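Readers should treat all values here as calculations from the given coordinates under stated rules, not as data from a laboratory. Not measured: the values here are computed from a predicted model. Every residue, glycine among them, receives a Cβ derived from its backbone with ideal geometry; neighbour counts consider all protein chains shown.
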Amino acid sequence: MLKKLDHIGIAVADLAETIAKYRNITGKEAAEKERIEEQKVSTAFFSIGETRLELLQGTQSDSPIAKFVARQGEGVHHLCFEVTDLRAEKKKMAQCGLRFIENIPETGAGGSKVAFIHPKSTGGVLIELVEYPDGSDA
Ligand code: CO
């Protein structure tokens, strides 16, 4: 079962520049910044209530985020829902015929485990599922 909308991922060309924009939009500082080598991204989070915005910049030209920005420009990239048991959720969804993006490392920000449902299975939206190591992002 999905627990909640954890974050909305936004692909950007210049993380520092976009952090400045979202500082103005949210009136807050970026909560966490992290470079995830396995995913070839640098990220920054802004918390708004229970949900966060995840700004993502590709760290290499062959990064999926860099390719996304090159292909269709900056903008909303994915929705992420928190789950309690990623493996069980993936299995259940796969049995329903949902396709996952393969060849993506399971390691997400903050030691979390992640998986991505292919946009072709969801009506055009890339959906990330995240399981936090302590069962909570609090
Ligand atoms: Co995400």
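Data overview
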item: Relative contact order computed over the chain (Cα-Cα under 8 Å; 6+ residues apart), in percent; result: 25 percent
item: Over the chain: helical MRE at 222 nm, DSSP H runs n ≥ 4 each giving -39500 (n - 2.57), nearest 500; result: -6500 deg cm²/dmol
item: Neighbour net charge for His77 - beta-carbon separation under 10 angstrom, K R +1, D E -1; result: -3
item: Prolate/oblate/rounded label for the stretch 1-83 (Cα gyration tensor, a/c 1.5); result: oblate
item: Pairs of Lys in the chain closer than 20 Å at Cα, counting only those 8 or more apart or on different chains; result: 19
